[in-house]
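Presented below is the structure to which this report refers.
The values are calculated or read from the model by the stated rules, or taken from the named source; none is laboratory data. As the structure is a computational prediction, the values presented were derived from the model and not from experiment. Cβ sites come from the backbone with ideal geometry, for glycine too, and all protein chains shown count toward neighbours. Areas reflect the complete protein model, heavy atoms only, side chains present, ligands, DNA and RNA absent. Shrake-Rupley method; radii C 1.70, N 1.55, O 1.52, S 1.80 Å.
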Amino acid sequence: MIDLAFVRANLPLVEEKLRSRGIDPASALGNFAVVDRERREAIQQVETLKAQRNKLTEEIAKLRREGADATAQTEQTRTLKTQLESLEATSVTADERLREIMQTLPNLPQDSVPVGKSEHDNREEKVWGELPKFSFTAKPHWELGEALGILDFNRAAKISGARFVVHFGQGARLERALANFMLDLHTREHGYTEVLPPSLVNSKSLFGTGQLPTKFAEDLFHCDDKGPYETGVYQGNDHWLIPTAEVPVTNLYRDEILEEAQLPISYCAYTPCFRGEAGSYGKDVRGMIRQHQFQKVELVKFARPEDSHAEHEALTRHAETVLERLGLPYRRMLLCAGDMGFASSKTYDLEVWLPGQDLYREISSCSNFEAFQARRANIRYRPAGAKKSEFLHTLNGSGLAIGRTYLAILENYQQADGTIKVPDVLVPYMNGDTVISKQPGRS
């Protein structure tokens, strides 16, 4: 969340930043100024009336000790009590309304973020690698994978439905090889600590990272866990499948105070991810671009506010290194304000080249959330020598999405005979295999 005091003191700036995201400030903020003023006035009046009540209580006690009549003062306290109850109710109502407004306000874009409405307004920051040239017509990954017998979309649809895939043989090994390669790179060279978190989280965790209570709930899978059927009682457990490891890993320190000496903290996690892809039906229906389940290596950082910009650049470079080691051409895009995620203050997208589709596709999204998630999840740190704690900054990025890296290898390393050359850095993880060939017995 954004700091309430900041919004109050910088309302015109907040409105400007919301407009840069393509959001109508009047709709997002509602009657913020009115509600905030009513709340503060109610609190001030409550304090004034409480002081008057305390003074009357002392007068009543004194009159009674002296045997004098305290009827008038007693009536005044009753009147004050009624007024206090009304004002406190007004304050509570205003508090709830302000909380609703603050919880649904997106993060404010950094000044370096370009103004724009959609992906067409994103800015290309960097291009790496030479696009592959083939003496034949490049095929998309779904044709390559099905022909080799390493991908099966039809059988996946039979057992689970649309937007799933089954991997076989060398294809299954390639998925595992990529995960191990990425984890080894990030832990051995980039200094991350590997974490294996749960794949089920509660609502508080999703609220902390910004997936709840916003509109993004429709992209999440909620678990209808009813307990033993014989009881006939719905237990109502609060479980959601994670859309990304960002959620459980960021929430490791929810409601905790870290010491400055612990920062920065860098974690990487390999987990399955589950997304409903609401609103995307009709888009990318072929292949592995938009799956309900996929695997990803996620990078998460906790940093001091003054270090988060540098940590964002470092995290993005760590994700880029994976693509460079694999020899996959890519470009870095700085997202415009209107294309950024709800919780982000600045996001770089890494887009990998897919020759079978003749386009770039996002393969990693690296974001600095500043204190937005930390405020929602109440994650603080205590600066050295300071008495008060402060909200730290959180960052995360894909390092990388396994499925999209997989399909990028199939399309960029395809050979004229339909086989796939294995990138050199993956050969040790592929049990020495240098080529992915037709899988025996697969049809």
| Mean shadow of segment 353-443, computed from the convex hull of its alpha carbons, in nm²? | 10.7 nm²
| query | Which cross-chain or sequence-distant (5 or more) residues have an amide H under 5 Å from the amide H of Ile363, H modelled 1.01 Å from N in plane? | reply | Leu350, Glu351, Val352
| said: In Å², and per residue, what accessible area does segment 1-151 have when probed at 1.4 Å with the other protein chains present? | reply: 61 Å²
| note | Relative contact order of the chain (C-alpha contacts under 8 Å, at least 6 apart) in percent is 20 percent
| query | Counting only protein heavy atoms and using a 1.4 Å probe, what share of the accessible area of segment 102-185 belongs to carbon plus sulfur, as a whole percent? | reply | 49 percent
| note | Over all directions, segment 294-333 yields a Cα convex hull whose mean projected area in nm² is 3.8 nm²
| Virtual spin-label span in nm between Lys421 and Arg64, 7 Å along Cα→Cβ | 9.4 nm
| So who's got an amide H within less than 5 Å of the one on Leu400, skipping anything under 5 residues away but keeping other chains? H placed 1.01 Å off N, in plane. | Val297
| request: Would you list which aspartates and glutamates come within 16 Å of Lys387, measuring only between C-alpha atoms, while excluding same-chain residues fewer than 8 positions from it? | output: Glu256, Glu259, Glu260
| task | May I ask you to list the residues of segment 34-53 whose amide nitrogen lies under 18 Å from a point 7 Å from Cα along the Cα→beta-carbon direction of Asp95? | result | 35-51
| task | Check cross-link reach from Lys421 to the lysines: straight Cα distance under 30 Å, and skip same-chain residues fewer than eight apart. | result | Lys126, Lys133, Lys139, Lys283, Lys296, Lys438
| request: With springs connecting C-alpha atoms under 10 Å apart, model the chain as a Gaussian network and identify which of Lys388, Lys133, Lys62 has the largest mean-square fluctuation. | output: Lys62
| message | From the gyration tensor of the Cα coordinates in the chain, what semi-axes in whole Å does the equivalent ellipsoid have, largest first, with each one equal to sqrt(5λ)? | response | 54, 24, 20
| Highest-fluctuation residue, Lys117, Lys55, Lys204 considered, GNM on the chain with Cα pairs under 10 Å | Lys55
| request: Give me the Kirkwood hydrodynamic radius of segment 1-83, using the inverse of the mean 1/r over all pairs of distinct Cα atoms, in Å to one decimal. | output: 16.2 Å
| task | Would you calculate the volume per residue, in Å³, of the smallest convex hull containing every Cα atom of segment 34-75? | result | 46 Å³
| query | Normalised by the number of residues in segment 321-443, what is the relative contact order in percent for Cα pairs under 8 Å and 6+ residues apart? | reply | 20 percent
| query | Residues with amide H under 5 Å of Lys126's amide H, sequence separation 5 or more or different chain, H placed in the peptide plane at 1.01 Å from N; which? | reply | Arg332
| said: What does the extension gain come out to for Val34 and Glu16, with contour length at 0.36 nm per residue minus their alpha carbon separation? | reply: 4.6 nm
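As a test of the formula, what do you get for the chain when each DSSP H run with n ≥ 4 contributes -39,500 (n - 2.57) and the sum is divided by the residue count, at 222 nm and rounded to the nearest 500 deg cm²/dmol?
Theoretical 222 nm ellipticity from helices: -12500 deg cm²/dmol.
When the accessible area of segment 368-437 is computed with all protein chains present and a 1.4 Å probe, what percentage of it is carbon and sulfur?
The nonpolar share, carbon plus sulfur, comes to 47 percent.
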| query | Quick one: putting +1 on the C-beta of Lys and Arg, -1 on the C-beta of Asp and Glu, what dipole do you get for segment 1-145 around its Cα centre, in Debye to the nearest 20? | reply | 220 debye
| remark: Given 37 °C, 0.692 mPa s and a Kirkwood radius over Cα pairs, the Stokes-Einstein diffusion coefficient of segment 117-184 in µm²/s is 214 µm²/s
| request: Evaluate Rg over Rh across segment 289-443, taking Cα atoms for both radii and Kirkwood's formula for Rh. | output: 1.09
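Sort segment 128-226 into rounded, prolate or oblate with this rule: let a ≥ b ≥ c be the square roots of the eigenvalues of the Cα gyration tensor; rounded if a/c is under 1.5, and if a/c is not under 1.5, prolate when a/b is larger than b/c, oblate otherwise.
oblate
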